[in-house]
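Input: a single structure, listed below in structure tokens.
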Amino acid sequence: MKYYLLALCLLVSSLISAQQSDREITVKGKIIEQGTDFPLEYATVSFIDQQGKTVTGGITDLDGNYSIDVAPGRYTVQFEFISYKTKQLTNQNLTKNTTLPTMTLALDASSLDEVVVRAETTEVQIRLDKKVYNIGKDLTVGGATVSDALNNVPSVTVDVDGAIALRGNDNVRILINGKPSAIAGFGSTDALRQLPADAIERVEVITSPSARYDAEGTAGILNIILKKEKTLGLNGSITTSIGVPTNSTATANINLRTDKFNIFNTTGIRYRDAPGNAFFDNTYFPYDRINPETGETTTIQPEFGRVVEDRRYDRLDQGFNTNLGIEYFLTEKSSLTASAFLRLGDDTDVTTNNTSNFQNGSVAEQITRTETESEDDTSYQFSLNYVNNLDDNGQKLTADFQLARDRETQLSFIDERTTFPATVVLPAEDIRNKENQKEYLAQADYILPIGEEAQFEAGYRGNFESTETDYLLLEEDGVSGNFIRNDSLSNIFTYDENVHAFYSQYGNKLGKFSFLLGLRLEHTQLKGQVEAADIAANNGFDLDFDRKYTGLFPTVNLTYELKENENITLGYNRRINRPRNWFINPFPSRSSEANVFQGNPELDPAYSNAFDLGYLRRWKKLTFTSSVYYQHETDAFERVQESTGQITSNGVPIIRTIPINLSTNDRYGFELGILYNPAKWLQLNGSFNYFFFKTEGFFNNIDYGAENTSYFSRLSSKIKLPWEIDWQTNGFYRGPSNNAQTENEAILSVDMAMSKDIIDGDATLALNVSDLFNSRIRRSFTNAETFTSDNEFQWRQRLVSLTFTYRFNQQKQRQQRGNRDGGEDDGEFEG
């Protein structure tokens, strides 16, 4: 009988075990940062079976907690967070609901190239050659553009013209996912005003670039990494925004990942009205003109002693952009990624220029000039990327190919009439400007780890750009309605820039000391051709040129760890600044007859040597970063204003702005940054940058040497209010500055935003005010030999927008996660 009872017990036990194996158990726990006990949000927890296969996993919540359902069994539980050391609990026999011990993860101080500084809402990665800012939680970028988002990044400023500067230097190289790209507009910052900020994952500020990066950009590099999820399954977000003045946008980020492929897409549409204004008050003085043939001197007396221009810009910007890609995992160690980008733009701008001409202190004439411009822009780009992790030790080979094209057609019609003392219709102008750009990129990179601490890299990049500008100016014959081609300004200008680059670098860690040494060789060909002989005759330029430059660009990056939470860095690099096509193209702008910008085909590249000494210290709630930098640049570019010696049809002297090579430019500066989280409800982020520069050089026998001291600071605060409302305020102040001719006044601007999660945290509603006090206005005064100019310019007036974001299968502002050096998997290829 007892045998039957024993058999019955075994049968019941088997049935119970079978039922338990069919159901899932819940495993809970918490992950914190070692040394601070700060919860690690979005850390990864993986369950690996005895065959080495990852069965399931999950991520931690805002407080570092996780709760994951898993089938009973024996597992290795792995805990990961980007740039932290991975930990494992091995041989865990999990048969019932279990709470695992709290895991502490330490910063990966043995990494050759990075130390991470992380606050509750801001992630900053401090590396040997760059700082990485995750801007995903910046409330003020709702409904904003990439250009707006960059203006919130420490060390970076975006002026009212959209020009981007790094530490006060506007010669900064813009990369997308580590490469030059049509997405960034072939070096022009205008395209960044057309892309939604929601497409950005993070921004890398590279003030001391290593040899793997382009040598272009004497100030450094801004590398914009676009979003691409790594979470299994279908997930994404949809963001819509409406604003005043009219600002309507919609952006969708969709990602589908399986074990064999990953499909990602970002698509956006926009409809924006961006009103702006400008004001010029010019005073002209008599000057002497020397006849080059006879040597005789003639005193030129301007017909008008003072000219005041009041401009208004009405811009209607509408467009569409999409970025679609698929990553296919060929094997466990290799993948092939193909992506395509398309941007369509259809813009209409109306510039109204009301001019008052003065004689003897009184208004003698008033003129209204209206320019109506339509712009049709089509950009597309195709990219292929191959990655092969050759072994488990980090040996890797990557290869890239990229093709990009941009076609832009601008049609402008300018009509002009006097309104005082009598209404008189003046001859009109019809301008047609077609620009066709194309770029090819081929790249290969190889990484070879040597032992546990050393690494060798080598690679090649070929970048080939060509820009053709077809400019046609038709001028009305009187007011007859018949238009005649202006042969002295109409032209077809072709500009080619071809760069071959080879690099190698070696890094190692010796105790607390790490170094990364590199050398890059770049061969550059700059080639230009203009089909318009009259321009050369009128301006004395050599328009057909073919120049070649070969240079070596060494880089040195050093780090010494004083303590686990404290280090110092030292960087050196040599860099080049090549003139872009709009700095070379000699035809003048036509939005104003009397104030024009004209390129200089005789510009040569500028070269710089830069040093950067940095210091980092972390406390429990406070992170402090600082650096001192110096840069010496030769043949530096400088924009100068001068009289052309010509007058308009109604007698106003024409002033042109032209870029030139000056002899030297020395820049000294220091910057400070603080991340402070005094309480869970309050986060503060501040930075301060102070710089001094000295320029020496002559042009047309005029000394353009100048010394200038300036600074800018930024403060951001985020407060958690009751009812789960977040309130963020960003303040920016740029101090006054000057060069040899122009003094610029200080600029203060404030952005403010409030947001609240709704629909159980799956959606967020945000109200954003950009330029709260409508004070983002550039005011300057120019004092030249023959004139003075007092002017101001405002690109866009205050903007109020309401943004709605809905997320599916995705926690709020999910951060990129994966292996510790996950940048490469995110589409970051740093050749």
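Throughout, read-outs are computed from the coordinates displayed, never taken from laboratory work. Computed from a prediction, not measured in an experiment: that's the story for all the values here. All Cβ positions, glycine included, derive from the backbone under ideal geometry; neighbour counts span all protein chains shown.
Structure notes:
- Its alpha carbons considered, segment 233-826 gives a radius of gyration followed by a Dmax of 27.8, 85 Å.
- Relative exposure of Asp392, Asp346, judged by other C-beta atoms within 10 Å (fewest first): Asp392, Asp346
- Taking other C-beta atoms within 10 angstrom as a stand-in for reagent exposure, Glu41, Glu476, Glu745 fall in the order Glu745, Glu476, Glu41, fewest first.
- Extension gain for Thr419 to Tyr733 (0.36 nm times residue separation, less C-alpha to C-alpha distance): 109.0 nm.
- D_trans [Stokes-Einstein, Kirkwood Rh over alpha-carbon pairs] for segment 720-766, 25 °C, 0.890 mPa s, µm² s⁻¹: 180 µm²/s
- Segment 757-801: Rg to Rh, with Rh as the Kirkwood radius over Cα pairs: 1.41
- Distance (nanometres) between label positions extended 7 Å along Cα→Cβ at Leu562 and Asn65: 3.9 nm
- Relative contact order, percent, segment 233-826 [alpha-carbon distance under 8 Å, six or more residues apart]: 10 percent
- Using the Cβ-Cβ distance between Thr86 and Tyr806 with R0 set to 30 Å, the FRET efficiency from 1/(1 + (r/R0)^6) comes to roughly 0.35.
- Summed residue charge, Cβ within 9 Å of Ser504's Cβ, Lys/Arg positive, Asp/Glu negative: 0
- Electrostatic bookkeeping for Val769 treats Lys and Arg as +1 and Asp and Glu as -1; over the other residues with beta carbon under 11 Å from its beta carbon, the sum is -1.
- Placing a pseudo-label 7 Å from each Cα along the Cα-to-Cβ vector at Ser362 and Tyr460 gives an inter-label distance of 7.5 nm.
- Ranked Arg520, Arg23, criterion: other C-beta atoms within 10 Å, fewest first: Arg23, Arg520
- Which listed pairs, of Lys130/Lys680; Lys227/Lys694; Lys227/Lys680, have C-alpha distances above 31 Å, in listed order: Lys227/Lys694
- Placing pseudo-labels 7 Å out from each Cα toward the beta carbon at Glu332 and Thr634 gives an inter-label distance of 5.4 nm.
- In whole percents, the pair-distance distribution calculated for segment 402-520 from its alpha-carbon pairs, binned every 10 Å from zero, is 11, 22, 17, 15, 12, 10, 8, 4, 0.
- Segment Phe320-Leu390, length gained on full extension (0.36 nm per residue, minus Cα span): 21.2 nm
- Length added when fully stretched, Thr298-Asn508, from 0.36 nm per residue minus Cα-Cα: 68.7 nm
- With only Cα atoms counted, segment 552-696 has Rg and Dmax values of 22.4, 71 Å.
- For the listed residue pairs Lys333/Lys509; Lys87/Lys179; Lys179/Lys621; Lys87/Lys260; Lys131/Lys509, the alpha carbons are over 31 angstrom apart in Lys87/Lys179; Lys179/Lys621.
- Highest-first arrangement of 789-799, 165-175, where packing means the average Cβ count within 10 Å: 165-175, 789-799
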